[in-house]
Structures are given as C-alpha cells and as structure tokens.
1. Report the one residue of S77, W20, L99 whose Cα lies farthest in the direction of the positive end of the charge dipole of the chain (charges on C-beta: Lys and Arg +1, Asp and Glu -1; origin at the Cα centre).
2. Which value in nm describes the separation of the simple spin-label points at D101 and E5, placed 7 Å from the Cα toward the beta carbon?
3. Highest mean first, how do 61-70, 41-50 rank when packing is the count of other Cβ atoms within 10 Å averaged over residues?
4. Compute, for the chain, the length of the dipole vector about the Cα centre, with Cβ point charges of +1 (Lys, Arg) and -1 (Asp, Glu) only. Units Debye, rounded to 20.
Amino acid sequence: MLQREVAEQLGVKLPTYQSWEAGHEPTVCFWPMIIAWLGYFPGPEPITRAAKLIAYRRRSGLSQSVLAKQLGVDPGSLRRWERGCAIRKQSDQEAVATLLDASEID
C-alpha cells in the first residue's frame, strides 16, 4: 500500500503517518485506531505492571491525565508507576489491579 492510502485509512494526514514511519511515537489518541487497523497490539507483550499500565492507556487512547483522573490519583503518581516505581497506597494498588484485571478480560 502507498503511504497516502494507509494515512487515509487511518484518518490521518500523510505527514503524520510519515512521521510514524520515521520513528516518531504516535500520540496516544491515535493508538486505538492503529491497533484496530493492524488487528493486533504492535509491541511486546507487557509483563510488568508498568508496561501493562502503558499498554492499557495506549489501547484505550487515554492520556496520563485522563487515566490518573479515572483512578483518582495525581498524574505525577501515574507517571511514576509507569516508570516502574512502587504503588505505595493499598487503595491505589487495588484500583490498578482492578483496572488491569478487567482489561485482560476484554
């Protein structure tokens, strides 16, 4: 397929698609349509909790701010968790576990 055809199917402008091919990370809002178009998640299977959080956000097309709000935490906390830092509060651990468990069912 030509780049312009793929860009059109994805609903993005050609320069946007070309930047992805050049190695630039797509903005999180584009991930759901990329995954749907490909038919699979284009990355390694997430193993760690941090990687699972990032994969969940990408699959859902959520920014860190939006997901943090859904979890009832500060965006800075979510950023730290996505870098692999410990989740200290039991209530936060439970909220993240529930989120990730529910996402594995989907």
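1. S77
2. Rounded to a tenth, the inter-label distance reads 4.6 nm.
3. Numbers: 61-70: 15.8, 41-50: 11.9.
Highest mean packing first, the order is 61-70, 41-50.
4. Details: 13 positive and 12 negative charges, 82 e Å.
Dipole about the Cα centre, nearest 20: 400 debye.
Coordinate-derived values only; no laboratory data. Given the structure is predicted, the values throughout are model-derived calculations rather than measurements. Using ideal geometry, Cβ is built from the backbone for each residue, glycine included, and neighbour counts are taken over all protein chains shown.
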